[in-house]
Amino acid sequence: MSLDACLSKLRYVKYGDEVRASDVLAKLECLRSLRDTLKAKAAEMGCPSERIDPLVDQLDAIIAMIRYVRSGDIIQPEDHNYIVDALKKARDILGEIESFCSGLKDELDKCRADLDKCRSDLASCLKMIETAFSVPITPYIPVPATPEVTSIVGETLPFTTAPEVTVITTWNDKGIEVQVT
C-alpha cells in the first residue's frame, strides 16, 4: 500500500475518544509503508545500500516489536513508544539519504569549478596563440555547400572552410599543452 493511501486511514482523536485497535494497526501499516518508501528513494538516489540497509534493519526490528492489538486491549506505553522509536529511525534513514545527496552535490560543485577553470585556461591558451600567430582562431563551422550562412543572430556570414591553423590541446599533470601546426 502506498504511503499516501496508508496515511489517509489515520484518524484524529480528541480527549475522551476511544483509541481503537485499528488506530494502532494503521500506524503500524504506515510505518511499514514509510520504510518501503525510504528504501525506494534511497535506491533511486543511488545511495549505497551499506549506508541504508543497517538502518532499515534497525527500523524493521523496532516495527517487529509493535504488537498487534485487538478491540478491548489496553494500549500500553510501549505500544506508543515503539512507534516513536520507529519514526525517529525513519528520520535517521532520511538523514543518511540527505547526507549522501549533499556529498554528491559537493562533488558536482567541485567538478563544475574544475570545468570552469579548464575553460578559462583554454581561453587563455587560445588567446596567446591568436596573439603569437596574429591569426584569429575561430571554431570550424561545417556549412552546407552554399556561399553564405546565416548566424544565430541573423547576420550573413561568409562561407567558412577549415582553418589554416590546427590547434591540438592536451590536458596533463602540468596543465594544458598546445601544439600548433
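Looking at segment 12-19, is at least one residue assigned to a loop (DSSP other than H, G, I, E, B) and closer than 25 Å to Asp92 by Cβ? Let's see the steps before the verdict.
The first filter runs over segment 12-19 and keeps only residues assigned to a loop (DSSP other than H, G, I, E, B), leaving 12-19.
Imposing the further condition that a residue be closer than 25 Å to Asp92 by Cβ reduces the set to none.
Looking for residues that are assigned to a loop (DSSP other than H, G, I, E, B) and closer than 25 Å to Asp92 by Cβ, one finds none in segment 12-19, hence no.
Can you name every residue in segment 55-91 that is closer than 18 Å to Ala42 by Cβ and of a type in the set (S, T, N, Q)?
Scanning segment 55-91 gives a single hit, Gln58.
Looking for something over 23 Å from Ala5 (Cβ atoms) and among the β-branched types (Val, Ile, Thr) - is there at least one such residue anywhere in segment 41-59?
Yes: segment 41-59 contains one or more residues that are over 23 Å from Ala5 (Cβ atoms) and among the β-branched types (Val, Ile, Thr).
Which members of segment 87-141 meet the condition of being at pLDDT 80 or above and either in contact with a Phe, Trp or Tyr (Cβ under 8 Å, 6 or more places away or on another chain) or on the phi > 0 side of the Ramachandran plot (or both)?
Result: Cys118, single match.
Could you grab the pairs with beta carbons closer than 7 Å, sequence gap of 6+ or different chains, first residue in segment 92-115 and part of a helix (DSSP H, G or I) and aromatic (Phe, Trp, Tyr), second one surrounded by 12 or more Cβ atoms within 10 Å (Cβ to Cβ) and at pLDDT 85 or above?
Sorted first by the residue in segment 92-115, then by its partner, the pairs are Phe100/Met45; Phe100/Cys47; Phe100/Arg51.
From the list Leu25, Leu31, Leu38, exactly one residue is under 16 Å from Ile74 (Cα atoms) and either outside any loop (DSSP other than H, G, I, E, B) or not assigned by TED's automatic domain parsing to the domain that holds Glu78 (or both). Which is it?
When all the criteria are applied, what remains is Leu25.
Can you tell me how many residues in segment 55-87 are surrounded by 12 or more Cβ atoms within 10 Å (Cβ to Cβ) and in a helix (DSSP H, G or I)?
Total meeting the criteria: 18.
Would you check if Glu44 is assigned to a helix (DSSP H, G or I) and either charged (D, E, K, R) or more than 19 Å from Lys89 (Cβ to Cβ) (or both)?
yes
The values are calculated or read from the model by the stated rules, or taken from the named source; none is laboratory data. Please read all numbers here as calculations on a predicted model, not as lab measurements. Note that each Cβ is placed from the backbone with ideal geometry, even for glycine, and that neighbours are counted across all protein chains shown.
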